[in-house]
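Scroll down for the structure; my scribbles are underneath it.
The values are calculated or read from the model by the stated rules, or taken from the named source; none is laboratory data. Small disclaimer: the values here were computed from a predicted structure and weren't measured. FYI the Cβ positions are ideal-geometry reconstructions off the backbone, even for glycines, and counts take in every protein chain you see. Side chains are part of the model used for accessible areas, which takes the heavy atoms of the whole protein and leaves out ligands, DNA and RNA. Shrake-Rupley method; radii C 1.70, N 1.55, O 1.52, S 1.80 Å.
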Amino acid sequence: MESSNDAKYAEQRKMLAGKPYFGGDPYLTELRKQSQERAAKLATVRHEPAKYSAAICELLGSVGDDNAIMESPMFFDYGRNTHVGKRFQMNISCTILDCARVDIGDDVLFGPCVKIFTAEHPVDPAARLAGVESARPIKIGNNVWVGGSAIILPGVTIGNSVTIGAGSVVTKDVPDNVVVAGNPARIIKHV
């Protein structure tokens, strides 16, 4: 027999395991609300160094060091499913829908309006209307620059020393030491 606590966390467990889950679940809704509150708090302490680093750590799942810079506004589904390395920098108006784990390496730069989407919705209209969704993790290597308004889609892994051109839509894995751009993003240069 499932306890009430087990039932409370059931949709979150399914979500994090990459299984279909109900996005409108009350517990998941509460977690998203808490993430919005933590992001708002971060914005209020941006120019208070003693509080700023702690607020970033409170928002995210893990942070590599005290040198992260995250400009507001910013948007996360959960925040705690996002893990950043050392010297992470995120410009204004970025969105990370972290229904699955998002791993971001050391020395990563996000231009303004970068979008990281782990969430997926069914193509089948009936399933979509039922509120079923799923999520796949995203991994970004070290020394990556993601240009402004680039979009990274569910399940993508980006290698080390990569540049993603502004406005690109990354739909598949990117190897190390390349520049990609376009929609869909393609390798335009090896570095």
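Considering region 165-180 alone, what residues qualify as being under 16 Å from Ile116 (Cα atoms), touching a Gly at 6+ places or on another chain (Cβ under 6 Å) and open to solvent by 30 Å² or more (accessible area, probe 1.4 Å)? Residue satisfying the conditions is Ala166 alone.
Return yes when Ala7 is of a type in the set (A, V, I, L, M), closer than 26 Å to Ala127 by Cβ and either free of Cβ contacts under 8 Å to residues at least 24 places away in the same chain or open to solvent by 60 Å² or more (accessible area, probe 1.4 Å) (or both) and no when it is not. Answer is yes for this residue.
Cβ-Cβ distances below 6 Å connect the following pairs, each with a first residue in region 101-122 that is crowded, with 23+ Cβ neighbours inside 10 Å, a second residue that is in a strand (DSSP E or B) and among the hydroxyl-bearing types (Ser, Thr, Tyr), and a separation of six or more residues or different chains: Val102/Thr82.
Across region 101-134, what is the number of residues that are touching a His at 6+ places or on another chain (Cβ under 9 Å), under 15 Å from Thr157 (Cα atoms), in a strand (DSSP E or B) and of a type in the set (D, E, K, R)? Give the steps one after another, and end with the answer.
Going residue by residue through region 101-134, those that are touching a His at 6+ places or on another chain (Cβ under 9 Å) are 101-104, 127-128, 132-134.
Keeping just the survivors that are under 15 Å from Thr157 (Cα atoms) gives 101-104.
Filter once more, keeping what is in a strand (DSSP E or B): 102-104.
Retained after the next criterion (residues that are of a type in the set (D, E, K, R)): 103.
The number of residues fulfilling the criteria is 1.
Residues in region 53-82 that are in a helix (DSSP H, G or I), under 21 Å from Asn142 (Cα atoms) and open to solvent by 30 Å² or more (accessible area, probe 1.4 Å): Cys57 alone. Which residues, counting only those in region 90-100, are open to solvent by 10 Å² or more (accessible area, probe 1.4 Å), farther than 21 Å from Ser161 by Cα and part of a loop (DSSP other than H, G, I, E, B)? Selection gives Ile92, Ser93. Before we move on, is Ala50 open to solvent by 70 Å² or more (accessible area, probe 1.4 Å), among the small types (Gly, Ala, Ser) and not in a loop (DSSP other than H, G, I, E, B)? Yes, satisfied.
Which of the residues spanning region 123-141 are open to solvent by less than 70 Å² (accessible area, probe 1.4 Å) and closer than 17 Å to Lys14 by Cβ?
Once the filter is applied, which keeps residues that are open to solvent by less than 70 Å² (accessible area, probe 1.4 Å) and closer than 17 Å to Lys14 by Cβ, region 123-141 yields Ala127, Ala130, Gly131, Val132, Glu133, Ser134, Ala135.
Residue count for region 31-47 under the criterion of being open to solvent by 70 Å² or more (accessible area, probe 1.4 Å) and at pLDDT 95 or above: the result is 5.
Screening Thr157 against (1) open to solvent by 60 Å² or more (accessible area, probe 1.4 Å); (2) at pLDDT 95 or above leaves a single unmet condition, (1).
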